[in-house]
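**Q** Got a structure for you, written out below as structure tokens; questions coming shortly.
Just so it is clear, none of the values below were taken in a lab; they were calculated from the coordinates. Quick caveat, the model's predicted, so the values are computed rather than measured. Don't worry about glycine lacking a Cβ; one is built from the backbone with ideal geometry, like all the others, and counts go over all protein chains shown.
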Amino acid sequence: MNQTEPTNPSPIETNDSGPAFGSRPSANLYATAPRERRGPGRRRRLRRVLGWAAGVLGVVGAAGTIAVLARENRTFTAPAVDLHASTDAAVIARGRYLVTGPGHCAECHGAPDQQAARAAGHEIPLSGGVEFVLPVGIFRVPNLTSDPETGLGRLSDGDIGRVLRYGVRPDGRAMLPFMPFADLADDDLTAVISYLRSLPPVHHAVRPHDVNALGRVVKAFVIAPKGPKGLVPASMPPAETAEYGRYLAHNVANCVGCHTRIDLRTGAPVGPTLGGGMVIESMTAPGKKFVTPNLTPEPRWGWIASWPEEVFVARFRQGLLRAGSPMPWNAFKNMSDGDLRALHRYLRTVKAVEGGPDPSRNDSVLALGPE
Ligand code: HEC
Ligand code: HEC
């Protein structure tokens, strides 16, 4: 299936005549660990991001305040997503697999006080509440259970589909770019929505985000929703092929989002695809940073270049081994052997590049000193 031709319509900003959709940088918040406590390591990046934001503020200048007021709640239009939840047991089971496995939704939406139960292999309520403390404010992860007041009971199936595919809320405001699911195939998106609809309601009101002054500027000038990168397939049936592995790595499990170097100020990739070298702070051990390994088949620098398929599959079954790692091992551990084989086959086809942590030193994935 060709997923590179951009034929899907993208969200369009409605009350602004600025540059076209997609031309503005967006902060890649996905790669930023949520923090319930503030660690010393966070300040360094904070300064870096603030440096960029100061630039934005400089450009905005004195007249900026008015501009911010006019633009911070700008709305976007995006195509309606005509998908409907199913009560078919097989569809719900597929959704459950995607949510608890490759899609790793509980990593962010899981109840924060039950993460230990999740690490022990239990399914925990997706009732939200995790806080991301960012330079632009404190962002809280919403409740995805079916509760009609505090959960997804408030949204129609189409609203949920649109927010995940186009990043546009029912009222037209943009969501922050925390989630990389715009390119999920129609039937997988339907399965995810069907599973979410099946979740027992948990009444848990998550407090609204606290967006600070800087965040308001970012909302006004930087955040624009990203639509699908290409033609979204109607269906992507699992197969032990490199093609399906590519779908998992790019559209579902976000291997590319962490194993590719990204400029945190712009969200743009600055390193080769899956070449590793991205520094990510731990979610559970504030201040501890990791460097993602190079997943390409380069013989010297490819971290897994010498791993046969069975070793790769077995490694995922083991789950988290490096304490504090931001990689969602607890969810990926639930992936099927077939999906893991597909991923391995895809990773063998990626363009080999040098760089990333040194595979001859097991601890080279730990970032030392200022990045
Ligand atoms: C990296 C963290 C992260 C992961 C992983 C993640 N989410 Fe989210 N999600 C968020 C954040 C943060 C928001 C709120 C964004 C905002 O308000 O701008 C959100 C918002 C949502 C919303 C909108 C809810 C509402 O009430 O407006 C839905 C639906 C959703 N997520 C579903 C999912 C599903 C399904 C998955 C897994 C396939 C998932 N999320 C994985 C962080 C995450
Ligand atoms: C949220 C960021 C993130 C995501 C998403 C992610 N990784 Fe990782 N990955 C890391 C980090 C950080 C490390 C180094 C620490 C560790 O080994 O846990 C790592 C390590 C690895 C390793 C080496 C493990 C070892 O034992 O040496 C492999 C293999 C790997 N990732 C593959 C993948 C694949 C395949 C995907 C997608 C299915 C993926 N990663 C998604 C962050 C991520």
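**Q** Once you order the gyration tensor axes a ≥ b ≥ c over the Cα atoms, which shape class does the stretch 242-365 get: rounded for a/c under 1.5, otherwise prolate or oblate by comparing a/b with b/c? Provide the component values of the computation, followed by the final result.
**A** Values: a/c = 1.32, a/b = 1.16, b/c = 1.15.
Since a/c stays below 1.5, the shape of the stretch 242-365 is classed as rounded.
**Q** Rounded to the nearest 20 debye, what is the charge dipole size of the stretch 218-267 about its Cα centre when +1 sits on each Lys and Arg Cβ and -1 on each Asp and Glu Cβ? Don't skip to the end; give the middle numbers.
**A** Numbers: 6 positive and 3 negative charges, 66 e Å.
The dipole of the stretch 218-267 has a size of about 320 debye.
**Q** Can you sort 104, 209 from fewest to most other Cβ atoms within 10 Å of each residue's own Cβ? Write out the running numbers ahead of the final one.
**A** Details: 104 23, 209 18.
Ranked by crowding around the Cβ, least crowded first: 209, 104.
**Q** I would also like to ask the following. Could you please report the charge total around residue 365, scoring K, R as +1 and D, E as -1 over all other residues with beta-carbon less than 12 angstrom from its beta-carbon? If you can, show how the numbers build up before the last one.
**A** Details: positive: 288, 289, 322, 361; negative: 358, 363.
Residues near residue 365 contribute +2 overall.
**Q** Quick one: 3J(HN,Hα) in Hz for the stretch 241-249, Karplus 6.51/-1.76/1.60 with θ = phi - 60°, rounded, Gly and Pro as x.
**A** So the J values, rounded to whole Hz, are 10, 4, 5, 5, x, 5, 4, 4, 5.
**Q** What ranking of 183, 147, 363 emerges when the number of other C-beta atoms within 10 Å of each C-beta is taken as an exposure proxy, fewest first?
**A** 363, 147, 183
**Q** Which trypsin sites (Lys or Arg not before Pro) does the stretch 307-371 hold that lie in a coil by DSSP with at most 11 other beta carbons within 10 Å? Spell out each step's value before the answer.
**A** Working: sites: 315, 317, 322, 333, 341, 345, 348, 351, 361; in loops: 322, 333, 348, 351, 361.
Qualifying residues, ordered by number: 351, 361.
**Q** Related question: With Cβ to Cβ distances under 10 Å as the rule, what net charge do the other residues near residue 195 carry (K, R +1; D, E -1)?
**A** Numbers: positive: 94, 96, 197; negative: none.
Once all neighbours under 10 Å are counted, the net charge is +3.
**Q** Mind sorting 289, 226 by how few other Cβ atoms lie within 10 Å of their own Cβ, fewest first? Working shown, then result.
**A** Details: 289 23, 226 19.
So the residues, fewest neighbours to most, are 226, 289.
**Q** So what is the diffusion coefficient of the stretch 212-264 in µm² per second by Stokes-Einstein at 4 °C and 1.567 mPa s, using a Kirkwood Rh over Cα pairs? Spell out each step's value before the answer.
**A** Working: Rh = 14.0 Å.
Translational diffusion coefficient: 93 µm²/s.
**Q** So, counting K/R as plus one and D/E as minus one, what does the shell of residues with Cβ under 14 Å around residue 317 add up to?
**A** Working: positive: 315, 333, 341; negative: 309, 310, 337, 339.
Within the 14 Å Cβ shell, the charges total -1.
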